[in-house]
Amino acid sequence: MKKYQIINKDVIKELPNIPNNSIDLIICDPPYLGGFTNYFKDFKSKLKVNGQMLWFCQPTELYDLPEKPLQVLIWKEPYSPKPIRKKYREFFDIIAWYAYGDYSFNKLLWNLMNSVFEDLVIGYKREHKWEKPKTLIERLILVHTKENDTIFDPFAGSGIIKDISERLNRNYIGYEVESDITLATAK
């Protein structure tokens, strides 16, 4: 039986209730500069021996992560009129990829296997202001998991990881502390 649920609770408080060694892939896209790198080891303990973690962060937060990633991936965001003060504009997110043991890695077409992603949020209305493109999330799930694997999304936001997991026949468990977002994603 498949599991697809978003739980409306604070994931940090609920981490002790999530079994260790039970997750194949964690896609962690926490609120930036929120100090969530302090919980890296707690999240990692939930991974199976051959598990993986994709941790989205701002470039400066990469230095706060307690382990060196296997590889740094980049999502190049579309340009926007973001305000800047005394620094260069940053129109990209870092995706720190951690992989342990004999992890899954499913090669797609060679031209899709670049470590720089330029996917856009187009063709649908964003449910959350920091939502990542569906095409990016789908590609990451296809490469880093197999059917029936379990994906953990500790900051579920818009729920796109849940929707894509269900469509691709993966189990999914997510947490979202904001109840209005959780209700919207349950539709």
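Can you pull the one-decimal nm distance between simple spin-label points at residue 67 and residue 88, each 7 Å off the Cα toward Cβ? A separation of 3.0 nm, rounded to one decimal place. The shape of the chain can be summarised by an equivalent ellipsoid whose semi-axes, obtained from the alpha carbon gyration tensor, come to 23, 19, 19 Å from longest to shortest. Only beta bridges with both residues in segment 37-117 are counted; by DSSP, about 85 percent of them are antiparallel.
How much net charge surrounds residue 65 when only other residues with a Cβ under 13 Å from its Cβ are counted (Lys, Arg +1; Asp, Glu -1)? Please report the intermediate quantities before stating the final value.
On the way: positive: 41, 44, 68; negative: 61, 64, 67.
Here the charged neighbours net out to 0.
In plain terms, the chain is cut at each of the chymotrypsin sites (Phe, Trp or Tyr not before Pro) found in a DSSP loop with at most 14 other Cβ atoms within 10 Å, and the longest leftover piece is 131-187. When the listed pairs 44/132; 41/146; 46/76; 41/87 are checked against a 26 Å cut-off, the alpha-carbon distance exceeds it for 46/76; 41/87. In this structure, residue 5 and residue 50 have a Cβ-Cβ separation that, at R0 = 25 Å, corresponds to a calculated FRET efficiency of about 0.60.
Read-outs: derived from the displayed coordinates by stated rules, not from any lab. These numbers come from a predicted model, not from an experiment. Please note: Cβ atoms are built from the backbone with ideal geometry, for glycine as well, and neighbour counts cover all protein chains shown.
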